[in-house]
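Before any comments, here is the structure.
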Amino acid sequence: MRLLRSLPLAALALVAATNAHARSEVCHAASKKEIASLFDRWNTSLKTGDPKKVVANYAKNSILLPTVSNKPRLTAEEKEDYFAHFLAGKPVGTIDSRSIEIDCNSAIDAGLYTFKFADGSEVKARYTFTYKWNGKQWLISSHHSSAMPENN
């Protein structure tokens, strides 16, 4: 009986401790310009041709849902494999339109971009990058990209 009476108090204490911890999180201040520059950082790493430099933009526990592959990439090795093939075409991305939202230690950059390749071809795609502040830098926590469904 005594245990039953103490359970609600324990639950209340747990909720209070959780709320106190959430309120103590320090939010890294960021501007839309700073978040927009993260695409530039990523695009610059593409231009190196080195998959490891591209993957360095991604958090350890991130997901890549790439434009020209049906396979989700979860590990650094899987991402490197994708970029090794993607970078062979010497892609250069440009943002066509975007919307940026910033929250406490996270941000979303979503919109439309175009990749031009060395052979003159291009792919227009939709994208979403989500970013997390890891205490030192912004890293990609998820990246979804899909080719535009209609040719315009």
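The numbers here are math on the coordinates, done by the rules we state, and not lab data. Bear in mind that the values here come from a model prediction, so they are computed numbers and not experimental data. When we count neighbours, we look across all protein chains shown, and the Cβ atoms used for this are built from the backbone with ideal geometry, even at glycine.
Quick notes on this one:
- Candidates per GluC sites (Glu not before Pro) in the stretch 20-121, loop by DSSP, up to 14 other Cβ within 10 Å: Glu25
- Cα gyration tensor shape for the stretch 39-152, rounded if a/c is under 1.5, else prolate or oblate: oblate
- Taking the stretch 14-152 and dividing mean pair separation by its residue count, relative contact order in percent (alpha carbons under 8 Å, at least six apart): 23
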